[in-house]
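The values are calculated or read from the model by the stated rules, or taken from the named source; none is laboratory data. Values in this document were obtained by computation on a predicted structure and should not be read as measured data. Positions of Cβ are generated from backbone atoms using ideal geometry, with glycine treated the same way; all protein chains shown enter the neighbour counts. The area values use the complete protein model at the heavy-atom level, side chains included, leaving out ligands, DNA and RNA. Shrake-Rupley method; radii C 1.70, N 1.55, O 1.52, S 1.80 Å.
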Amino acid sequence: MSEATEIEQKVRQMVDMLLTVKSMKRIAAFIIDLSMCAALSLLPMFGWIVALAFFCLRDALPFGSRRSFGKSVYKLRIVDNNNHSLHLSWRKFVLRNIILFIPILNIVDIATYAATGNRLADTWTSTEVIETEV
């Protein structure tokens, strides 16, 4: 098999991984959360601070069963990789989201997700996003 054919197969596998139902739900949930941040940023005076805080802590807020509004809509939940515990520290939630503010890490994050099905943030914080019934 030629090197070009191997590369083409790997690219197809990466695209297939990105287009799974779970991946589409995660992307849609993220878009909902970004829309909420955009709406919060329109608040007078300190809206951008409220939106930034919401974005960093959106999965840790007590309402919504400690998951963001987008994840609630699509029945997704963040759990600990080791024991599937729902009780995660605030640090893990903030670290998962702070990566999105560093441009070069966004590219690495997308590439990691395409290759493995987990974001770089999931790997760093030992978490994963799962689908739930409720």
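Key figures for this structure:
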quantity	calculated
Whichever residue in region 108-122 is among the hydrophobic types (A, V, I, L, M, F, W, C) and within 16 Å of residue 11 (Cβ to Cβ) and, among such residues, is nearest to the chain's Cα centre (by Cα)	110
Residue ID - modelled with the lowest pLDDT, chosen from residues in region 18-30 that are out of contact with any helix residue (DSSP H, G or I) (no Cβ under 6 Å at 6 or more places or on another chain) and over 15 Å from residue 59 (Cβ atoms)	19
Condition broken by residue 48, with the remaining ones in (1) surrounded by fewer than 11 Cβ atoms within 10 Å (Cβ to Cβ); (2) more than 25 Å from residue 123 (Cβ to Cβ) satisfied	(1)
Inter-residue pairs, beta-carbon under 7 Å, first on the phi > 0 side of the Ramachandran plot and in region 74-91, second polar (S, T, N, Q) and surrounded by 11 or more Cβ atoms within 10 Å (Cβ to Cβ), 6+ apart	75/132
Failed condition for residue 60, given (1) surrounded by 14 or more Cβ atoms within 10 Å (Cβ to Cβ); (2) small (Gly, Ala, Ser); (3) over 30 Å from residue 11 (Cα atoms); (4) at pLDDT 85 or above	(4)
When residues of region 89-107 are limited to those that are under 12 Å from the mean Cα position of the chain (by Cα) and among the β-branched types (Val, Ile, Thr), the one most open to solvent (accessible area, probe 1.4 Å)	98
Residue 31 vs. criteria crowded, with 17+ Cβ neighbours inside 10 Å and within 15 Å of the chain's Cα centre (by Cα)	no
